[in-house]
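Worksheet for the structure shown next.
The values are calculated or read from the model by the stated rules, or taken from the named source; none is laboratory data. Not measured: the values here are computed from a predicted model. All Cβ positions, glycine included, derive from the backbone under ideal geometry; neighbour counts span all protein chains shown.
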Amino acid sequence: MVKEAWLPAAFNGGHAYCDRVNQSAASIAGFYSGRYRHSDRAVWMERLAAGEIWCNGQQLRADASLAAGDRLVWHRPPWQEAAVPVLSEHAIVFDDGDLLVLNKPSGLPVLPAGGFLEHTLLAQLQAWAPAARPVHRLGRFTSGLLVCARRPATRGWLSAQLRDSTSAADAATSSRSCRKLYRALCEPMSFDWAIAETRAITVAIGRRPHPLLGEIWCVAESGDPSALSSRSDITLIERRPQACLVEVAITTGRPHQIRVHTAAIGAPLLGDPLYVAGGIAKLSALPGAGGYRLHAHRLRLQPPVGDVIQLEAALPLALTSQGI
């Protein structure tokens, strides 16, 4: 087994966030506190005073009103990004010179988001496969098969397959050319669920209020007209003293679907700091927090020409019997 290397925590070069004002506003600080909810109005006033915000090409030092069409730029100073695993060529599961499938380690974000700008899989990938781009995302702490491609045309058909594989239409009966299977450790499940038994979980997923984010995806409230239909087929693979190993096939692609559905049946992913039994989110936690055990394990793809491609990423230690 190759020992995993880590990129240490380090400061990035900062970033410019550009926004166009759609309608007039009485306050720049008010606009930003509504647009970026991670900071309140007082923090935005401090950023204005520090000269970090520009409007229509002019640096500002005090709050002001905004008109529709104004262009704002927040020049965020460099900030420290957390340590992340190093992506190496040992992570390659499949590479034909165009299609590239990687075994992503847990803890590595795919694209810039959630406080990460340079410590991403995309940034590391450019060092040894500069033309390759991820076709989809996996959560930062989800490990396993990540599909990339070098040619735009390949990214196009891959994106269509992955999208169709998790569309709501005919989720229960469609024989799709793309199939994704996940493995996960969840809290102990009810004992009326037999080994190798598969059950379809069809709990709808919707948005609920959250004090840190405004809203968050979780089990939909009864009667929510905007709730999204969803389906996960969960198979019990193994019972362990403190957890159950399950396989999950998702036939709809909803935000945090596996985490929400396992929690909805009373068996949240082991170590999940966000979702609790019942599929509700903790008000003090955020989706990017780690600790859960989820792995994109197997993938089936049908290229436009040629044979079916079937791939597998070995389970990480955290999901094996040696891990728990």
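Residue by residue, here is whether (1) over 30 Å from residue 106 (Cβ atoms); (2) surrounded by 12 or more Cβ atoms within 10 Å (Cβ to Cβ) holds:
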{"residue": "17", "(1), (2)": "no, yes"}
{"residue": "22", "(1), (2)": "yes, no"}
{"residue": "34", "(1), (2)": "yes, yes"}
{"residue": "44", "(1), (2)": "yes, yes"}
{"residue": "54", "(1), (2)": "yes, yes"}
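I'd like the residue in region 116-168 that is in contact (Cβ under 8 Å) with a residue 60 or more places away in the chain and of a type in the set (Val, Ile, Thr) and, out of all such residues, is nearest to residue 231 (Cα to Cα).
166
Report, by residue number, each residue of region 29-52 that is within 28 Å of residue 287 (Cα to Cα) and of a type in the set (A, V, I, L, M, F, W, C).
Correct list: 29, 31, 42, 43, 44, 45.
From the list 319, 294, which residue is closer than 24 Å to residue 178 by Cβ, among the aliphatic types (A, V, I, L, M) and in contact with a Phe, Trp or Tyr (Cβ under 7 Å, 6 or more places away or on another chain)?
294
Checking residue 238 against (1) in contact with a strand residue (DSSP E or B) (Cβ under 6 Å, 6 or more places away or on another chain); (2) buried (at least 21 other Cβ atoms within 10 Å of the Cβ); (3) modelled with pLDDT of 95 or more; (4) not small (Gly, Ala, Ser), only one condition comes out false. Which one?
Failed condition: (2).
Can you list the strands (runs of 3 or more DSSP E) lying wholly within region 1-120 that have 3 or more residues being in the same structural domain as residue 296 (by TED's automatic domain parsing)?
92-95, 99-104
Right, residue 267: surrounded by 17 or more Cβ atoms within 10 Å (Cβ to Cβ), under 19 Å from the mean Cα position of the chain (by Cα) and closer than 30 Å to residue 209 by Cα or not?
The answer is no for residue 267.
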